1. Any idea which residue in region 98-110 is farthest from the ligand (Cβ to nearest atom), counting only those that are open to solvent by less than 10 Å² (accessible area, probe 1.4 Å) and either acidic (Asp, Glu) or under 15 Å from Asp152 (Cα atoms) (or both)?
2. Considering only residues that are more than 15 Å from the ligand (Cβ to nearest atom) and either open to solvent by 50 Å² or more (accessible area, probe 1.4 Å) or touching a Cys at 6+ places or on another chain (Cβ under 9 Å) (or both), which ones fall in region 72-92?
3. Check Val46 against each of (1) part of a helix (DSSP H, G or I); (2) buried (at least 17 other Cβ atoms within 10 Å of the Cβ); (3) among the aliphatic types (A, V, I, L, M) and name the one condition it does not meet.
4. Which ranges mark the helices (runs of 4 or more DSSP H) fully within region 215-283 that have 3 or more residues being modelled with pLDDT of 95 or more?
5. Quick check on this structure: which one of Ser124, Ser114, Ser204 is within 16 Å of the ligand (Cβ to nearest atom), open to solvent by 10 Å² or more (accessible area, probe 1.4 Å) and in contact (Cβ under 8 Å) with a residue 24 or more places away in the chain?
6. Could you check how many residues of region 207-236 are more than 20 Å from Trp27 (Cβ to Cβ), open to solvent by less than 20 Å² (accessible area, probe 1.4 Å) and of a type in the set (A, V, I, L, M, F, W, C)?
7. How many of the residues making up region 179-201 are within 16 Å of the ligand (Cβ to nearest atom) and part of a loop (DSSP other than H, G, I, E, B)?
8. What are the residues in region 110-152 that are within 18 Å of the chain's Cα centre (by Cα), modelled with pLDDT of 95 or more, under 24 Å from Pro55 (Cβ atoms) and assigned to a loop (DSSP other than H, G, I, E, B), if any?
Amino acid sequence: MVKKVSFIEAGYCKQFEKFVNPVSGKWRQIRFTSSVAIIEHAKEGVILFDTGYSPRFHEVTKYFPEKIYSYITPISIRPEETALEQLKVRGIQESDVRHVILSHFHADHVAGVSDFKTAKYVYSQQEYSYFQNLPRFTQVKHAFLKALLPQDFEERTKRMPEFTVAVPELGPPWRGADLFNDGSVILIPLQGHSIGHFGLFVRSENEECHFLLGDAAWLSTSFKENIMPSRLAQFIFYNRHDYQKTLESIHQVYLDQKENSKFKIIPCHCHQTLLENNVGVIK
Ligand SMILES: [Zn+2]
């Protein structure tokens, strides 16, 4: 079972709040955090959900066409801010990390993946194949930078189970994939952002459960108020209609559990939410 869930920020970029939340956001720049969830499991060791940025992002975006990505999205990450380095500070070594779960393949979620040399990778094979088969320029357009992945990425794949189990906490329509067959880490399909995007429902032994959204909502206000990002921001989405449906479903989950606060709902990029959840954010 899961003993503990905690979060770190592994780099960030800046975005206009209005770009992310065109309804109640302001024309000011906000910190668009790349968070990593650290899930400590009694039998399966340490599991990461996404890996955030690493300085490797700068290396692989030095030249055209990848340079366009770093030009459009200037990021901030110091060597000591990577997930790997911050885990060490917490007494967790690289070899303790046995699974790295990737919500999707956008570079801000996978840039740190090569730091984990022995972990198994859990990801959507459909999404991986889709990106692999795109021309290089189109890959960049879709925020996929192949050079961020280690050489043996495919060999270390852990196959995802099917999305067949009910998730009573979320309600009847929701189905998930039970990663370890013990009900602790459930992969939840959250369609629209990318072709195989998914989140996690994590049941902990002695603390609150967590619903980790990845990029299905960028800020807490997005799912609390059911606000889609601006049209311009939607250019990265695989299917904006599916994204909207997913966001509406999460909004409903939020409304249904609001009074009792049965679990925490955590979007990946919301700096404010992570601060409220006592994240080890480096200033
Ligand atoms: Zn994304």
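The values are calculated or read from the model by the stated rules, or taken from the named source; none is laboratory data. These figures come from a predicted structure and were not determined experimentally. Here Cβ is always computed from backbone atoms with ideal geometry, including for glycine, and neighbour counts include all displayed protein chains. We work out accessible area using only protein heavy atoms, side chains counted, and drop any ligands, DNA or RNA first. Shrake-Rupley method; radii C 1.70, N 1.55, O 1.52, S 1.80 Å.
1. Within region 98-110, the match that is farthest from the ligand (Cβ to nearest atom) is Val100.
2. Listed by number, the residues that qualify are Pro74, Ser76, Arg78, Pro79, Glu80, Glu85, Lys88, Val89, Arg90, Gly91.
3. Every condition holds for Val46 apart from (1).
4. Here the list reads 220-224, 240-257.
5. That would be Ser124, the only listed residue that is within 16 Å of the ligand (Cβ to nearest atom), open to solvent by 10 Å² or more (accessible area, probe 1.4 Å) and in contact (Cβ under 8 Å) with a residue 24 or more places away in the chain.
6. 6
7. Final tally of qualifying residues: 8.
8. Ala111, Gly112, Phe116, Ala119, Tyr123, Leu149
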